[in-house]
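Reviewing the structure listed below.
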Amino acid sequence: MSDEGSTAEEFWDARYSESERIWSGDPNTVLVREAADLPPGTALDLGAGEGADAIWLARRGWRVTAVDISQVALDRAARHAADAGVADRIDWQRHELGPSFPDGEFDLVSAHFLHSPRELPREEVLRSAAAAVAPGGILLIVGHAGLPPWEEHDHGDDDPHRDLHLPTPDEVLESLQLPEGKWQVLLSGEHERVQTGPDGRSHTRIDNALKLRRLP
């Protein structure tokens, strides 16, 4: 099947099958910064990938439900969790997030980089994420504010990113459609992040983060 005709699940399974490791293996820096002082409880990791965030949380005492569309990624993440000695603290679940979403309420819901070249109802998914936050819990959403330098050149009508819109934190907050007076904004803004590009060089990227607390 061609890449253009693949489903989201097939696309991401193929992507993770390209090599034994796609990501760095390190937890996302915003998660580490914003969750380090939170008391451990239950956490939902959306787009868990190869499991670095879920494993970091589990090591700190959290009970984690880790979700991804790719079974290839989840199987790999489960092996990493076993190697880290935290397999019993993480429940790995495959969901497409739009058609299916994990049950339950969580003290922390983390959604990092829910961007996809395949159809993803991101606003709908993030509203489901907000609904999954328990009273007093935290919602942490991190996304890209711009394309990486190696993808910024214009391909004209053939540019796969031509119609891509990367929302600001304010746009994400508005799209959540949260009830007035029920949430507290703890963080809303952009930050820089260094990422290694395909050329092996380090590049500075701009991402954004939104951290909300659901009031008891």
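The values are calculated or read from the model by the stated rules, or taken from the named source; none is laboratory data. Here the structure is a predicted model, which is why all the values come from computation and not from measurement. Don't worry about glycine lacking a Cβ; one is built from the backbone with ideal geometry, like all the others, and counts go over all protein chains shown.
Structure above, values below:
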read-out	value
Failed condition for Pro99, given (1) modelled with pLDDT under 95; (2) within 14 Å of the chain's Cα centre (by Cα); (3) of a type outside the set (Lys, Arg)	(2)
Residue check for Arg15: modelled with pLDDT under 95 and surrounded by fewer than 15 Cβ atoms within 10 Å (Cβ to Cβ)	no
Qualifying positions in the stretch 56-79 - in contact with a strand residue (DSSP E or B) (Cβ under 7 Å, 6 or more places away or on another chain), part of a helix (DSSP H, G or I) and touching a residue at least 40 places away in the same chain (Cβ under 8 Å)	Leu57, Gln71
Residues being more than 17 Å from Ala52 (Cα to Cα) and hydroxyl-bearing (Ser, Thr, Tyr) - total across the stretch 7-32	2
Boolean, Gly41 is in contact with a strand residue (DSSP E or B) (Cβ under 6 Å, 6 or more places away or on another chain), of a type in the set (Gly, Ala, Ser), surrounded by 14 or more Cβ atoms within 10 Å (Cβ to Cβ) and modelled with pLDDT of 95 or more	yes
Leu108 vs. criteria modelled with pLDDT of 85 or more and touching a Lys or Arg at 6+ places or on another chain (Cβ under 8 Å)	no
The stretch 59-89, residues that are surrounded by fewer than 21 Cβ atoms within 10 Å (Cβ to Cβ) and small (Gly, Ala, Ser)	Gly61, Ala78, Ala82, Ala84, Gly85, Ala87
Qualifying residue in the stretch 70-93 (condition: touching a His at 6+ places or on another chain (Cβ under 9 Å) and modelled with pLDDT under 95)	no
Condition met for Gly189 (surrounded by fewer than 18 Cβ atoms within 10 Å (Cβ to Cβ), within 25 Å of Asp37 (Cα to Cα), modelled with pLDDT of 90 or more and more than 19 Å from the chain's Cα centre (by Cα))	no
Evaluation of Asp45 against (1) closer than 16 Å to Val125 by Cβ; (2) outside any loop (DSSP other than H, G, I, E, B); (3) without any contact (Cβ under 8 Å) to a residue 60 or more places away in the chain; (4) within 13 Å of the chain's Cα centre (by Cα) (one fails), failing number	(3)
Scan of the stretch 89-140 for residues that are free of Cβ contacts under 8 Å to residues at least 60 places away in the same chain and in a helix (DSSP H, G or I), ordered by number	Arg89, Arg122, Glu123, Glu124, Leu126, Arg127, Ser128, Ala131
Val30 under 14 Å from the mean Cα position of the chain (by Cα) and assigned to a strand (DSSP E or B)	no
Scope the stretch 9-21; condition out of contact with any Pro (no Cβ under 9 Å at 6 or more places or on another chain) and either touching a residue at least 40 places away in the same chain (Cβ under 8 Å) or not aliphatic (A, V, I, L, M) (or both); matching residues	Glu9, Glu10, Trp12, Asp13, Arg15, Tyr16, Ser17, Glu18, Ser19, Glu20, Arg21
